[in-house]
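Please treat every number below as a calculation from the coordinates, not as lab data. Model, not experiment: these values are computed from the prediction. Here the Cβ is made from the backbone with ideal geometry for all residues, glycine too, and neighbour counts use every protein chain on show.
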Protein chains: 2
Amino acid sequence: MLRLTKRSEYGLMALAFMAQSGQAYTSVREIVAKLRIPRRLLAEVLKDLSFSEIVEAVRGPGGGYRLTCPAEELSLARVVEVLEGAGTVAQCTDGSRCDLSPSCTIQEGINLVAQRVKSVLNDFTLAELSDCTTPRPQPVSLAQGLAV
Amino acid sequence: MLRLTKRSEYGLMALAFMAQSGQAYTSVREIVAKLRIPRRLLAEVLKDLSFSEIVEAVRGPGGGYRLTCPAEELSLARVVEVLEGAGTVAQCTDGSRCDLSPSCTIQEGINLVAQRVKSVLNDFTLAELSDCTTPRPQPVSLAQGLAV
DNA sequence: AGAATATAGCATGATTTTAGTGCTCTTTCA
DNA sequence: TGAAAGAGCACTAAAATCATGCTATATTCT
């Protein structure tokens, strides 16, 4: 339906939260407490993000997750691709071929649309995503150099 | 999953097909014969498009559907909105408010993304969609003035 | 008037995706 | 060694999506 899944939404929310926590490790518990999203689901999402090295995990007391790169360098496209796979707009845009390929007259067009949508996601960074909204609760080191 | 539904896909395919048929009315039967998509589903989609006055219907022999406006003036955004409702990217972008609104820190950001995605769809016309792909089977009156 | 073509309307079933959850294991730090 | 925190594992429930059959109504042509 041209919508992100909850996985992506939760993932992005969590990442935005982590972006504000700077270098510190943030536990699932903390995130859940603040954001009020299902814990187990978030845990799964973060595990996937960890596997894809978008975040890094540390176990044990004081552990949790944190970003592996500055929020300015993490595109939504990357996050979304990890959390819901390649191929936006239509399935056939993920490289696989369409079942009705021979009769489909709009394949190329759709691919072009998909490309543009993807570039929207590519140009949008996590920094921008969290910047848009947050009342900037505490000075965040990573967001230092940004225009106000 | 940031994907269009089959309804949208089928709808766009059918519209592209109609765009090539110019002023003539095209029946569901014809479209199905060429495009090999489920008839009943297509019929429903076209009915919706007819209700929204994107196409006009004529019953009886020689009847069918045809575009109510030139393909150059029909944006994908309009079609998609009719076929799968407003609010791309996330549900909360359709004007309704989010369940986790207070805790959601990325609302504004997501809305911005949605806006950009929507403008991609807005800028993409049916004419472009079918132009990208089709080997231009027959000269279509509506497509006359376009660059080659 | 009647036959043929075509859309309109209606309800339902099957499949797929998505969302959500419980419990145990392993790692790490104090 | 105990508490904190992620890792792994399998399943259930709900929602969205896809698909389909049949009948009714409108229109055109003969």
| remark: Rounded to the angstrom and largest first, Cα extents along the principal axes for chain B equal 57, 36, 23
| remark: Here, A:Arg97 and A:Tyr25, labelled 7 Å along Cα→Cβ, have an inter-label distance in nm of 4.9
| query | With charges only on Cβ, +1 for K and R and -1 for D and E, what is the dipole size of the stretch A:6-139 about its Cα centre, in debye, rounded to 20? | reply | 620
| message | Test of understanding: in a Gaussian network model of chain B with alpha carbons linked when under 10 Å, which of B:Phe17, B:Phe124, B:Phe51 would top the mean-square fluctuation ranking? | response | B:Phe51
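Over chain A, what is the relative contact order in whole percent, taking alpha-carbon pairs under 8 Å and six or more residues apart?
Values: 170 pairs, mean separation 43.0, N = 148.
Once normalised by length, the contact order is 29 percent.
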| remark: Checked against the positive end of the charge dipole of the stretch A:6-139 (+1 on Cβ of Lys and Arg, -1 on Cβ of Asp and Glu, about the Cα centre), the farthest of A:Val113, A:Cys98, A:Ser50 is A:Ser50
| query | Ordered by residue, what ³J(HN,Hα) values in Hz, to whole numbers, does the stretch B:20-31 give under the Karplus form 6.51 cos²θ - 1.76 cosθ + 1.60, where θ = phi - 60° and Gly and Pro are x? | reply | 7, 8, x, 7, 5, 7, 10, 8, 4, 4, 4, 4
| What residues qualify as long-range amide H neighbours of B:Thr26, i.e. H under 5 Å apart, gap of 5 or more or another chain, H built at 1.01 Å from N? | B:Tyr65, B:Arg66
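Could you work out, residue by residue across A:12-20, how many beta carbons of other chains sit within 10 Å of that residue's beta carbon, and then give the average as an integer?
Numbers: counts 7, 7, 2, 1, 4, 3, 0, 1, 1.
Other-chain Cβ atoms within 10 Å of each residue's Cβ, averaged: 3.
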| task | Would you mind pulling out the separation of the Cα centroids of the stretch A:99-118 and the stretch A:1-63, in Å? | result | 33
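Rank these for me by crowding, A:Val82, A:Val58, going from fewest to most other beta carbons within 10 Å. Please report the intermediate quantities before stating the final value.
Numbers: A:Val82 19, A:Val58 12.
Going from least to most buried by this count: A:Val58, A:Val82.
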| task | Filter the cross-link list B:Lys6/B:Lys118; A:Lys47/B:Lys118; A:Lys118/B:Lys118 down to pairs whose alpha-carbon distance in this structure exceeds 24 Å. | result | A:Lys47/B:Lys118
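Work through the residues other than B:Ser75 whose Cβ is under 11 Å from its Cβ and net out their charges, Lys, Arg +1 and Asp, Glu -1.
Details: positive: B:Arg78, B:Lys118; negative: B:Glu72, B:Glu73, B:Glu81, B:Asp123, B:Glu128.
Charge balance in the 11 Å sphere: -3.
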| Using alpha carbons only, how many degrees (0 to 90, rounded to 10) separate the axis of helix A:107-123 from the longest principal axis of chain A? | 10
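Direction-averaged shadow area of the convex hull around the Cα atoms of the protein assembly as shown, nm²? Spell out each step's value before the answer.
Values: hull surface 69.8 nm².
With the hull built on Cα positions only, its mean projection is 17.4 nm².
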